[in-house]
Amino acid sequence: MKQKLNLTLGGAAVAVGLVVFPVVHAVLLGLNLSLNLLVLGWQAVATRLPVKRPPTRGLTGPQPFVSIHVPAHCEPSALLIETLRGLSRLRWENYEVLVIDNNTADESLWRPVEAACQQLGPRFRFLHVEGLKGAKAGAMNWARRFMNPQAEFVFVVDADYVVQRHALERALAYCTDERVALVQFPQDYRNVNRANRGVALDYRHYFTGYMNMANQLQCVPSTGTLTLIRVSALKAVGGFDEKVVTEDAELGLRLNLAGYRSVYADETIGHGLMPHDLESLRQQRWRWAFGNAQILRANWRSLVFGRQLTLRQKLGCLAHLTAWFNFNLIPSLSLVLLAPLALGHLMHPWQPYLVVTSWFTLVTYFGLRFVTFASALRRDGHPWSDVFRAFGTHVGLGWIFGLSWLKCLLNPREPFLRTNKFLQGHGPGLLGAAVVELTVGGALLLASVALAWADFLFGPVLAFIMCLARFAIIWVWHQMRHTLDFTAQLTAASERQLRLSTL
């Protein structure tokens, strides 16, 4: 409560300061507009780069040994066991599976998984640890001491992913060059239908656009699951960084800084589960945007002045590390502050220009971001209706994207937020789930009406943009209700299959 009060008082103080000192306000909006044009303009160009074709032939010679790591924390037993059964069917001889159960205090969750590993045979090993720090990165680093010493590669699979039988064959096909230290596959999902397609396509646009771009510019990051990592390279860079919340993307950057190659494989080898409630989806996206901001903040010197990366790699890192950033939070709040002054004819001579700057930032943000969605999804064969579904979903999550990187500028520390996989009903209604977005949307709509009344030329256009930007959260909330229903059906089927297999 005290922290929320401090944040509220701090926000009020900033608001008063921006009204009283319009020059400071103008500088802040100018910097935000510059970043908006620089970052999104480059993204719009970079995501149109051509797609590299996958290799047609597999790895020749003896099979390298692969250690498959499945990190888990408080996961539903049936879900995790389904993942392990999928791994048991791999068409590969030389592999092991390490299930790393990290800090799950409830024995009723991990004991069935331990028993399933015993039933699946000696290549499956269950590792339970409590009191371990560092979240997923800490668990992955801890598990390396238990790997088979013959392991040449680590293959990371999240607890909800069911891989295809040829997964390792396809992953190792990209490793004919010993400099290749990381191979990343796209994240695809099995709890998708027509009703929640926009959420799935929001994920897809990142892989089709940004990861293909990173492939061309030789700066592919890891995205945390369905990731193949060369063990010697992982040791050379010191393992996973436990200080950032996106340890996967950070590892990709360090491998590139160390001179290794990373590859994006644009083919599906497994399917996971999307978050099935709005709060979990927002926490996941917050972690992605905040973690990438952490990486930029910690490595900006290397990305700007360092010589380890080529110019194309630096530009690629800038594009994919800012893929989830949103630059319309500052101009949106600026308009809320300026509208009452405009209505009361109390504006400083500087402040009408601030309204125009805010409006221009919003229009260019929407235009450039839409270009990245259209170029990525249309190239992937999706109709325009799918582009609008995905774009509306992304816009609806804009508050999270905008607030996360701003928060990182002030304080780069943040706990790891695990994505919930337990079914807990439909949760709060729309007003409870999206109260901030709806409140800000209402304030911005009133501000737009006030600005139009005060004879600002673009007031009506601005009102439309504000409705789209903030009230699109309604579209996201609607989709997540369908995601929960569909996930419940899949979960029930997994539990029935588990019960039958134990009879």
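The values are calculated or read from the model by the stated rules, or taken from the named source; none is laboratory data. Note that the structure is predicted; figures quoted are calculated from it, not measured. Glycine also receives a Cβ, built like all others from the backbone with ideal geometry; neighbour counts cover every protein chain displayed. Surface accessibility is based on the protein's heavy atoms, side chains included, excluding ligands, DNA and RNA. Shrake-Rupley method; radii C 1.70, N 1.55, O 1.52, S 1.80 Å.
Some observations on this one:
- Under the span-like rule (Cα at least 30 Å along the axis, Kyte-Doolittle mean at least -0.5), DSSP H helices of the chain: 22-46, 351-379, 473-502
- Karplus-derived 3J(HN,Hα), 6.51/-1.76/1.60, for each residue of segment 259-270, Hz, glycine and proline x: x, 7, 9, 10, 10, 9, 9, 7, 8, 8, 10, x
- Gyration tensor verdict on segment 157-215 (Cα atoms; rounded if a/c is under 1.5, prolate if a/b is larger than b/c, oblate otherwise): oblate
- Cα radius of gyration and Dmax for segment 362-503 (Å): 19.7, 75
- Taking the 1.4 Å solvent-accessible surface of the chain as the whole, the part contributed by carbon and sulfur is 62%.
- For the chain, the Cα gyration tensor yields ellipsoid semi-axes of 42, 25, 21 Å (square root of five times each eigenvalue, largest first, whole Å).
- Helix-only arithmetic for the chain: the sum of -39500 (n - 2.57) across DSSP H runs with n ≥ 4, divided by the residue total, places the mean residue ellipticity at 222 nm at -19000 deg cm²/dmol.
- For the set Glu114, Glu130, Glu178, Glu247, the ranking by accessible area, highest first and with no ligand, DNA or RNA atoms included, is Glu178, Glu130, Glu114, Glu247 under a 1.4 Å probe.
- Here segment 251-304 was treated as a single set of alpha-carbon atoms; its pair distances binned every 5 Å from 0 give 4, 14, 15, 16, 20, 17, 10, 3, 0 percent.
- Area accessible to solvent at Ile465, 1.4 Å probe radius, in Å²: 20
- Taking the convex hull of Cα positions in segment 197-282, its mean projected area over all directions (nm²): 6.6
- Shown here for segment 313-383: chymotrypsin sites (Phe, Trp or Tyr not before Pro) in loop regions (DSSP other than H, G, I, E, B) with at most 12 other Cβ atoms within 10 Å, namely Trp350.
- Å² of accessible area per residue within the chain, as computed with a 1.4 Å probe and no ligands counted: 43
- Across segment 180-185, rounded Karplus estimates of 3J(HN,Hα) from the backbone phi angles (6.51 cos²θ - 1.76 cosθ + 1.60, θ = phi - 60°) give 6, 9, 8, 10, 10, 9 Hz, Gly and Pro being marked x.
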